[in-house]
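What follows is a short report on a single structure.
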Amino acid sequence: MECVLAEALLSQIPDPRVLFGALCRGEASVERVETLRFLLQRLEEQQACGDGGAAALPAAARQVAVEYLVSLMRAGPAVDPGHQRRRLLRAAGAALRSCARLAEGQQLAAALAEEALRDLCAGWPASGPEGAARAPRAEAAVEVLAAVGPCLRPCEDEGLLRRVARVSLALALGGEGGEAGPAEDVAALVTGRLLPALGQCGGPALRAVWDGLVGPGAPSELGSVGPKLLVLSALAEKLLPQPGAGADTGPDARSCWRFWRSVQAALAQAQDALTRKRARYLLRRAVEVSAELRADCSCSLQDRNGPSLFWWDEKKKDELLKFWENYILIMEALEGNQIHVIKPVLPKLNNLFEYAVSEENDCWLFHPSWHLCIYKRLFESENKILTKEGVIHFLELYETKALPFSQEFSEFIIDQLMDALSESSLYSRFPGQLIGSASPLGLKLQKFLVTYVSLLSEEIKSSFLFKFIQKMTTRHWCAVPILFLSKALASVPTCKALGLEGLFALRVVLQCTMITHQILLRGAAQCYLLQTAINLVDVEKVSLSDVSTFLTSLRQEESLARGTSLWTELCDWLSINESCFRQPSACSSVEPHETSSLKTYVKDLVQQYVKTPSWETGEKCYMPDWLEAKLVATMVLLAVDVEAMKVQYGDEQRTQNVLRMFLDPLLDTLMKFATNAYMPLVKTDKCLQLLLKLLHTCLLKGPRTQDDEVYTLLQNLVMSTTESISEFILRKLTMNELSSVSDMDRCQLYLMVLTELINLHLKVGWKRGNPVWRVLSSLKNASIRHLQEMGSGQEPTLSTQIQRVVSMASLAMICEAVDQKPELQLDTLDAGPTEEFLSSLQLNQTLQKPLTEEQGSVLEQSSSQGWGKIVAQYIHHQWVCLSFLLKRYHTLIPTSECEILEPILPALQMPKRTLQFALEALTVLPSDQILPVFHCMKILVPVLLTSSESLCIESFDMAWKITSSLSNTQLLFWSNLKAFVQFVFDPKVLSIAAKLKSQAYLKIKEIMFKIIEMSAIKTGVFNTLISYCCQSWIVSASNVSQGSLSSAKNYSELVLEACIFGTMFRRDQRLVQEVQTFIENLGHDCAANIVIQNTKREDHYVRICAVKFLCLLDGSNMSHKLFMEDLAIKLLNKDELVSKSRTRYYVNSQQHRVKNRIWQTLLVLFPRFDQSEESFKTSICTFLSVLSHTDIITENIPEKKPILKQALIIILQWCFNHNFSIRLYALVALKKIWSICKVLHVEEFDALTSVIESSLNQVESMHGAGNAKKNWQRIQEHFFFATFHPLKDYCLETIFYILPRLSGLIEDEWISIDKFTSFTDIPLDVGFQWYLSSTQLCELKAGDWSQQDIDSNSGEADYPSEWTDVQKKIIPWKNNVTDLNLEQVFQDRAAKLGKSISRLIVVASLIDKSTNLGGLCRTCEVFGASVLVVGNLQCIKDKQFQHLSVSAEQWLPLVEVKPLQLTDYLQQRRAEGYTIIGVEQTARSLDLTEYCFPEKSLLLLGNEREGIPANLIQQLDVCVEIPQQGIIRSLNVHVSGALLIWEYTRQQLLKHGVH
C-alpha cells in the first residue's frame, strides 16, 4: 500500500525536491514523517534499479537529513510525547538511513554519526532532573547512530566505528542493574537498537564490542553479568558463526573462555530470571550452531589445564546433543524453584556425570564447572527443601561414582557447599525416622568427607583439609551445623595432614563453638574437634607446647575430663607419639626447654611455672590469669596418666614417684608459705591457682570415680602441705595484708583453697584440732574482732575497708562450710557470742568510699563501679551469714510479736524487720548476689504470712520480678529460679495460704500460672516448679503421708497443668532438641554425655514427674482418694472444654495432643478408683471393640451365659446398620463372641446358629479385590483385636509410648520407659510392677495400627532412574489408586438439556481453587464440552464457584473423580478410544498451534502450583503447550484450559464445515 502511494506521488511530481519541501513544511507529525520515509525508500529502490531520476537527489537527501530529520529527532518530548514520539523516532531513523544511502559519496553518514556521538556523550551519564532533560537528546542520538551505523564504511570509518562501539558498550554495561531512570532507558535503547545495528557493520565495530565484553580489561564482577548477557544475547547471531559464511566473518564466541565463564556466572549466580534465560539462550544457540556447522571446535581455559569449557566433535554429535539437551532441561526446571518439580529431573543430573567422565582415561570430558552451576542454583534456592535435596544429591556423588580430581570441585566444596551446610534446617530428620536418630544429611556429610579425602593425594589432602578448617573459622556457626561438620572431620581416617597452622585453625574453630548456648552440642563439638586434631595433626610439625596451648581452648567441664574415653584416647596418642613431637628452637627464652620426652617437658613446665620472673615480684600487682594454671594442671595429669598406662597394673609406687617428680617444685613452694613471709605475691597466687586446678581437673568423670589412684596420691601430697597453706591464708586474711581493690580477687582465691582443704580433710575423716580446724577457729575470731573494731566510727581508709570486707567474706565462708557439713562444728550448738554478733549485723549497710591515707582525696583506683561491686559482696556475705543463722536457729523465731525467747538474737526475734531488710537488699544487690536473700525469705515468710500478709505478697512480687527478668541469662536464671520456687512454694507457705484463702493464696496461683506461661518459651521452667512441689508432698519414696495432700488438693491445678503440659515447638527448637537426643543416645561414645550433667529440663519430664507422683498415691487413703477424684473431675472438664474450643481438630494438633494427655492421665488414675459402674459417652465402634474382648472381661465371672446372650442380641442389631464401619466392627465382635459360645456349648443359642454362621461365612467368602474384603482382612489383623490384651498391656509403657507410637501421634508425644526410670526425683517403690508390657504389643510397627482405605503399599512412589518424559515444573504424585467403577451416562443428561453431544472431556480433579473451577465450568458449558470432571462435587456449593460459574453447573454434566482415582479413570477413557492430552510444558510437548485434536479428546489440567504429577505424565498420550512470547513462565490454569477448549472447538467446527 505504501509503495503504491509513493509511486503515485512520484508519477505526479517527478522532482523529489518539491515533494521533500511539501512534506518538510508544516507541523511535524508521525504520519508526515512516515510518508517521507515511504517516499525516500521508494527513491532508494529506484536508484538501486538504475532509474536514478534527478541528479540533484543526493543534495536534496542531504538537505532533508541535516535540516529536517536530525532537528526533528532532537526536538524533545514536546514534539510528540510518549509512545507517539518513539514511533516518530523510528520513522525518522528509517528516513535518515535512506538519506544517507541516497547521498553516497558525500560522507553524510560519517558526519551524522560524529554529531550523534557527541550528543550521546554529552547526554550521558546523568541522573536526576538534569538526566531527565538530557535523555531525549541521547535517545535521538541513539536512533541516529542506529540508522546511519550500517552506512559507515568499514575501512575509511574504522576509527569512528570503534569509538561508537566503545561508547555504546559502556552505556549498555552501565545502565542495567542500577536504579530505574533515564540512564537505564538509554542503556536498554542502546542494547536493543544500536548494538544490533553495529553488529551489521561487522569488522571493527563488532570486534570493538567483543573486546570490550571479553577482553583482558572487561568487567568481571558479578554485578556486570546481567548487562553483559543482555549485550551478548543481542549480538548472539553475529558472535556465533553461521553456516555458509566466510572464514573471516568475525569473532567466534564458542572459542572464548571468558564468554563461557560469563554464561556460567549468569546460570549459577544471576539473581534475575531474565539474565539466566539469556544465558540458556546463548548456550542453546551455541549448541545449535555447532551442530549445523558440523565442524570440530574447542575452548580451553586460560591455563590450558584440564578439560575444555566447550568443545564439539562431529563424531560424538549424538552424545553431545543429549548432554546439552538434558543440561538445559535441568536448568529450566530449576526456574520452578519447587522440589516436586525438580526431583523427577534429578536423575538426568546423574546422566550428565556419566557423559562427562571418561572411566577409561580417568578424566573429565566436560568441564566440571558446568555441573557445579546446577548445584550452585540448588544451594542458593530460596526453597530450603530444594537446597537440602541439592546438598544430599551432591554428597551422594561419590557413593556410586569415581569422579576424577578437579580443583574446581575442591574449591566448590570449601566455598558453596560449606555455605549451604551452615543452614541448620538441612539437618532435620526424614519423615518416619525416630527422634534421636542420626541426621541423614549429617551421615551423608560424614561419609562424603571420608570418601573424598581418601581419594586425594597426600599433598592435596593436607591443603584441602586445612582450607576446610579455615572455612569453618570464617563465620559464626549455629550449634547444629558446627557439630555435624566437626563430627565429619573427626571421622576422616588418620593421616598427617595438619601442621602448626592447621592446629591453630582448629583452635579458632573451638572458640567459634563457644558462642552457642546449647551446652551439650557445644561440648560434643569440642570432643569431635579434639578427635580431629588427634587424627589429622602431623606430630613432627607441632611441639608439645603447641598441643598444650590447643588443649587449654577446650572446656574441661564440657568435653575433656579425666575418666572419659576421650581423655584415654588423648593419653594413647601422647604415649605413642611423645618421641615424635617437634622440638622448639633452642633460643626461645619464653617457652621451657623441651625434649622429645613428655615427662621431661612437663617437669620443665612446672618448674618454669613456679619460677617467678623478676619483673613480677612487686607487692602491688594483679592476680595472674588462670589459663596458665589450667594448662599446667592438664599437662601434669595427662603425663601422669600416660606414665600409668606404661607400667603394669597396680604399680602404685611408680605412679606416685612420677607425680611427686612433677609436683616437687610446687610442693616445696607450698611448704615454705608459712615460713617465708617475703615470697612474691604472684608466686603464691600461681601456686594456689595450680593447686586448685589440679584438684578440680583430677576428679574422674564416669563410672570409675571411686578407685582413682592418681587422685588419692594427689590428695595425700596436698594434705602434707595443709598446715603451711592454712597458716599462710590465715595470715593474709587477718593481718591487714589485703589492702587494695585488686586484693579482693586474692581473698576469693584464699577462701576457695581453704574450702578445698576442708573437703580433703572431710574425705579422710574430720578430726577436731587438725590444722584446718585451728585455722578456721582463729579466722572466725579474728574476723569478728576486726568487724567489731571497725565499727567504732573512725574515718575509714582503703585498707581498713578492704579488711572489713575480707573479714565478712571469711565469716560467710565459714558459715557456708558449717551449714553444708555439720560435722565441722566449731562451737556448741547453743547460740553464743558468734551468733549474737551475726544477729546484730547492720544489714544492707553501705560501706563509705574510702580516702587515701596520704592525700585525703578520693582513691582513683577504687572507681564507683569497682567500689560498688565490693559493697555488693559485703552485703551478700552479710546475708549468707544471716541465712546460716536463720537455718540453725529457726525455732527461736517468735510466732507473735509479743513472744520473747532466750537468748536474744535481734535478727531472729524481729522477723518482720528482717524481711523488710531482705526486700531492701533485693533492690540493692546485683542479680548474681541475691540467692542468700531468697534463702532467708524462705524461712521468714512462713512465719509472717499470717500476721504480715501484705509484706509477704510484696516479697513474692519483687522476687518474681527479679527472677523473670533473668530468663535470658543462662548462668544466673536457673539457680535463682530454684531458690525462688523453694520459698514461694514452700509446703508451709502453700498450706497457710490455702487455709487463709486470702490475697496470698491468689498471688501464689497467679505466679504459678506465670511460671507455666513462661515455660512455653523457655524449656525447663515448669520442671523446676512441679518437681519441687511433688517432692515436698512426698515424705519418702514408698509412702505418702496421711496429711501431706491436704494442701496439695488446693493446688491441684498445678498437677492438672503438668499432666497435659507440652508445647508445640518451632522447627528450629525441635531440631535442636532432636540433635541433643541424638548426642545423648551416643552414650559413652561422646565424652560430653559423661561430663555434662543431664538437667532433665525437657518438657517430657514435667508429665513424667506428675505421673510418677500419681503412681505413689494410695486409693485406700482418704486424702489421696479425694485428691485423685478432684483431679479426675478437672481432667474431664478440661477434656470437654477442649472439645468445645474447636468444632474440628486434627491429628497432632494442639487440641488433639491435649485430649490424648488427658486420657493418658485418666488411665493412670482409674485403677486407684473404686470399681463401681460409671456411665461414659462413647462411640458405638468403641463399644463394639470393647465387646470383642468379652472373654477377658468375663474371665472371673462364673456364669457367663446371660452376659453372652445380651452381647449377641446387641451385636446382631448393629450387624445390619447402614454404616459400613459399624457393620465391620460388629462382625468382628460377633466372630469373637460366637467363638466363645461354641467353646461353652450354649444350647439356647442354637436357634441363632444358622443366621450367625451364614453372616460370618458371607463376609469371609467375599469375592473380588474391593475395599470391603481388604478392610475385613485388615481389621482382623488390627493389633487391638489380634495382639492387644487389656490387662497384661495395662502399664506405663503402653499408655505413654506404645499406643502413641502405633496411633500415628508425632514423636514428641512418645515417652519411652527409659525416661521414667531415669527421672529419679520422684522414685517409685522397688516392687512397682507397672512399667513394662508383657505381650508382643511393643514389637508391632506403626503401620499395623492405621486403618487404610487405600492400597497397602501406600507411600511416596519411587522414582525410576529416568522418566521417558519429564515435566519442567511439576510435582510427583503417589501411585495409589482405589478400585473404581465410574460408568457415567453423559448422553441422558445432555439429551434432557436439549444440547448436542461433544466428545471433549475436561478433567479438573487436580485443581484446588474454587474460582478456577467456577470459571472452567462456565467455559466448558459455553463451548459444549461433554463433561467436566472435578475432584469433589461439593465445590459447586462454594460461593466463589457460583459467582464465577453463573449457574453453568446446572447445564453441564459434572462427574466426581478423586485425584487418587485418576490413573484408573484415564485408563478407562483410553480403552473407550479417547486420546489423553495433558496441558503442560514438558521436554516433549507439542505446540498448540501445530496440534490437531482428535474428536474424542480428554483434556487433563494440572494443579495451580504443581502442574500435572510426574506419574500422570506417563499416562498421557501427548502434552500440548501454549506458545509464549513473554518472560512469565506460565498462565493461570483456567486461562490455559479455556485456550485449549476453544482450539478444540474451533478445529471441530472447521472439520464439520460450521462457520
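The values are calculated or read from the model by the stated rules, or taken from the named source; none is laboratory data. The shown structure was predicted, so the numbers you read here are calculated from the model rather than taken from an experiment. Cβ: placed from backbone, ideal geometry, glycine included. Neighbour counts: every protein chain shown. Areas reflect the complete protein model, heavy atoms only, side chains present, ligands, DNA and RNA absent. Shrake-Rupley method; radii C 1.70, N 1.55, O 1.52, S 1.80 Å.
From the list Leu23, Leu40, Leu72, the lone residue that is outside any loop (DSSP other than H, G, I, E, B), at pLDDT 65 or above and open to solvent by less than 10 Å² (accessible area, probe 1.4 Å) is Leu40.
For segment 974-1003, residues that are touching a helix residue (DSSP H, G or I) at 6+ places or on another chain (Cβ under 8 Å) and without any contact (Cβ under 8 Å) to a residue 12 or more places away in the chain total 0. The number of residues in segment 1139-1154 being small (Gly, Ala, Ser) and either within 26 Å of the chain's Cα centre (by Cα) or at pLDDT below 75 (or both) comes to 1. Among the residues of segment 787-817, the ones that are open to solvent by less than 30 Å² (accessible area, probe 1.4 Å), out of contact with any Pro (no Cβ under 9 Å at 6 or more places or on another chain) and at pLDDT below 85 come to 1 in all.
If you scan segment 536-577, which residues turn out to be open to solvent by less than 10 Å² (accessible area, probe 1.4 Å), β-branched (Val, Ile, Thr) and farther than 20 Å from Ile469 by Cβ? Correct list: Thr564 only. Being over 20 Å from Asp538 (Cα atoms) and either in a loop (DSSP other than H, G, I, E, B) or out of contact with any Lys or Arg (no Cβ under 6 Å at 6 or more places or on another chain) (or both) is a description that applies to Arg475.
Looking at segment 952-964, is at least one residue open to solvent by 30 Å² or more (accessible area, probe 1.4 Å), without any contact (Cβ under 8 Å) to a residue 12 or more places away in the chain and within 37 Å of the chain's Cα centre (by Cα)? Within segment 952-964, one or more residues are open to solvent by 30 Å² or more (accessible area, probe 1.4 Å), without any contact (Cβ under 8 Å) to a residue 12 or more places away in the chain and within 37 Å of the chain's Cα centre (by Cα). Of all residue pairs spaced 6 or more apart or on separate chains, those with beta-carbon atoms under 9 Å, a first member in segment 609-636 that is at pLDDT below 70 and a second member that is open to solvent by 40 Å² or more (accessible area, probe 1.4 Å) are Glu616/Lys683; Thr617/Lys683. Pairs under 6 Å by beta carbon, first residue more than 14 Å from Leu443 (Cβ to Cβ) and open to solvent by 10 Å² or more (accessible area, probe 1.4 Å) in segment 472-486, partner in a helix (DSSP H, G or I) and hydroxyl-bearing (Ser, Thr, Tyr), six or more apart or different chains? Partner pairs satisfying both residue conditions: Cys478/Ser424. With the structure loaded, tell me whether Cys687 is modelled with pLDDT of 90 or more, of a type in the set (A, V, I, L, M, F, W, C) and more than 28 Å from Gly868 (Cα to Cα) or whether it fails that test. Judged against the criteria, Cys687 is a match.
Of the residues Ile1522, Ile1508, Ile1476, the single one that is hydrophobic (A, V, I, L, M, F, W, C), under 25 Å from Ile342 (Cβ atoms), in contact with a Leu (Cβ under 9 Å, 6 or more places away or on another chain) and surrounded by fewer than 19 Cβ atoms within 10 Å (Cβ to Cβ) is Ile1522. Pairs meeting the criteria (first residue in segment 1309-1320 and free of Cβ contacts under 8 Å to residues at least 40 places away in the same chain and more than 16 Å from Val1102 (Cβ to Cβ), second residue in a helix (DSSP H, G or I) and not β-branched (Val, Ile, Thr), beta carbons under 7 Å, at least 6 apart or on different chains) are Ile1313/Leu1292; Ile1313/Glu1293; Ile1313/Tyr1297.
Within segment 965-988, the set of residues being farther than 18 Å from Leu945 by Cα, in a helix (DSSP H, G or I) and open to solvent by 10 Å² or more (accessible area, probe 1.4 Å) comprises Ser965, Gln970, Leu971, Leu972, Trp974, Ser975, Lys978. Give segment 1241-1252 a look and list any residue that's loosely packed, with under 12 Cβ neighbours inside 10 Å and either under 19 Å from Ile1210 (Cβ atoms) or among the small types (Gly, Ala, Ser) (or both), or say none. Listed by number, the residues that qualify are Glu1244, Ala1247, Ser1250, Val1251. Among the residues of segment 572-587, those identified as assigned to a helix (DSSP H, G or I), of a type outside the set (A, V, I, L, M) and under 17 Å from Thr600 (Cβ atoms) are Ser575, Asn577.
The single condition from (1) touching a helix residue (DSSP H, G or I) at 6+ places or on another chain (Cβ under 8 Å); (2) of a type in the set (Lys, Arg); (3) surrounded by fewer than 16 Cβ atoms within 10 Å (Cβ to Cβ) that Lys1238 fails is (1).
Look at Leu283 and say whether it is out of contact with any Ser or Thr (no Cβ under 7 Å at 6 or more places or on another chain) and open to solvent by less than 40 Å² (accessible area, probe 1.4 Å). Criteria met by Leu283. Within segment 1270-1310, the set of residues being in a loop (DSSP other than H, G, I, E, B), charged (D, E, K, R) and over 41 Å from the mean Cα position of the chain (by Cα) comprises just one member, Lys1288. Name every residue in segment 1480-1498 that is of a type outside the set (Gly, Ala, Ser), farther than 28 Å from Leu334 by Cβ and open to solvent by less than 20 Å² (accessible area, probe 1.4 Å), in order of residue number. Residues satisfying the conditions are Phe1493, Leu1498.
Residue pairs whose Cβ atoms lie under 8 Å apart, separated by 6 or more positions or on different chains, with the first residue in segment 564-575 and of a type in the set (Val, Ile, Thr) and the second buried (at least 16 other Cβ atoms within 10 Å of the Cβ) and not in a helix (DSSP H, G or I), are Thr564/Lys701; Thr564/Gly702.
Condition check ((1) closer than 13 Å to Asp1308 by Cα; (2) touching a helix residue (DSSP H, G or I) at 6+ places or on another chain (Cβ under 7 Å); (3) assigned to a loop (DSSP other than H, G, I, E, B); (4) at pLDDT 85 or above) across all residues:
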site: Ala1058; (1), (2), (3), (4): no, yes, no, yes
site: Thr1063; (1), (2), (3), (4): yes, no, yes, no
site: Gln1069; (1), (2), (3), (4): yes, no, no, no
site: Val1075; (1), (2), (3), (4): no, yes, no, yes
site: Phe1078; (1), (2), (3), (4): no, no, no, yes
site: Gln1093; (1), (2), (3), (4): no, no, yes, no
site: Arg1097; (1), (2), (3), (4): no, yes, yes, no
site: Ile1104; (1), (2), (3), (4): no, yes, no, yes
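The residues in segment 491-533 that are more than 26 Å from the chain's Cα centre (by Cα), in a helix (DSSP H, G or I) and surrounded by fewer than 19 Cβ atoms within 10 Å (Cβ to Cβ) can be counted, and the count is 3. For the criterion of being hydrophobic (A, V, I, L, M, F, W, C), in contact with a Leu (Cβ under 8 Å, 6 or more places away or on another chain) and modelled with pLDDT of 85 or more, Leu859 fails. Confirm whether Gly432 is open to solvent by 20 Å² or more (accessible area, probe 1.4 Å), of a type outside the set (A, V, I, L, M, F, W, C) and either within 30 Å of Arg1070 (Cβ to Cβ) or modelled with pLDDT of 85 or more (or both). Criteria met by Gly432.
For Glu1456, the stated conditions do not hold, so it cannot be described as over 15 Å from Ile1407 (Cβ atoms) and either small (Gly, Ala, Ser) or open to solvent by 30 Å² or more (accessible area, probe 1.4 Å) (or both).
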